[in-house]
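All of the numbers you see were taken from the coordinates with simple rules; none came from a lab. Just so you know, these numbers come straight off a predicted model, no measurement behind them. Reconstructed Cβ throughout: ideal geometry from the backbone, glycine too, with neighbour counts over all protein chains shown.
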Amino acid sequence: MKITVKMSGTFRTRFPDYDPRKGLDVEIPDGSKVSDILLFLGIPDSQGATVIMEGRVLPAVEELTHGSLINLFQIMSGG
């Protein structure tokens with residue numbers, strides 16, 4: 001299945017040709033979950049990724065659907 005991923009923060013630097021207006025089109029197996037797309041993109045749990053689709057934060061076990069647009073945000077901390 002095909003999904004589009006829009007990234008923020010340093011995640012986008014992993015992909016030199018990344019265009020923030022278009023996002024990144026990704027082919028993943030049917031039945032893939034949020035955790036699978038993060039693994040596919042090479043983003044470890046320690047990077048603090050938050051995946052949002054249609055205004056909803058998705059848990060790692062959420063199954064993605066063909067044609068989805070997901071937004072990938074990097075959790076930042078500070079004081």
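Which residues, counting only those in region 34-51, are assigned to a strand (DSSP E or B), touching a Leu at 6+ places or on another chain (Cβ under 7 Å) and not small (Gly, Ala, Ser)?
The answer is VAL51, and nothing else.
Given (1) loosely packed, with under 12 Cβ neighbours inside 10 Å; (2) in a loop (DSSP other than H, G, I, E, B); (3) at negative phi; (4) touching a residue at least 24 places away in the same chain (Cβ under 8 Å), where does ARG21 come up short, assuming only one miss?
All conditions pass for ARG21, except number (4).
Does any residue in region 43-60 that is without any contact (Cβ under 8 Å) to a residue 24 or more places away in the chain come within less than 6 Å, Cβ to Cβ, of a residue that is aliphatic (A, V, I, L, M) six or more places away or on a different chain, and which pairs are these?
Correct list of pairs: VAL51/VAL34; VAL51/LEU58; VAL51/ILE70; VAL51/LEU72; MET53/ILE70.
Condition test on ILE3, is it assigned to a loop (DSSP other than H, G, I, E, B) and surrounded by 14 or more Cβ atoms within 10 Å (Cβ to Cβ)?
no
Is it the case that ASP30 is acidic (Asp, Glu), assigned to a loop (DSSP other than H, G, I, E, B) and either free of Cβ contacts under 8 Å to residues at least 60 places away in the same chain or more than 14 Å from THR65 (Cα to Cα) (or both)?
yes
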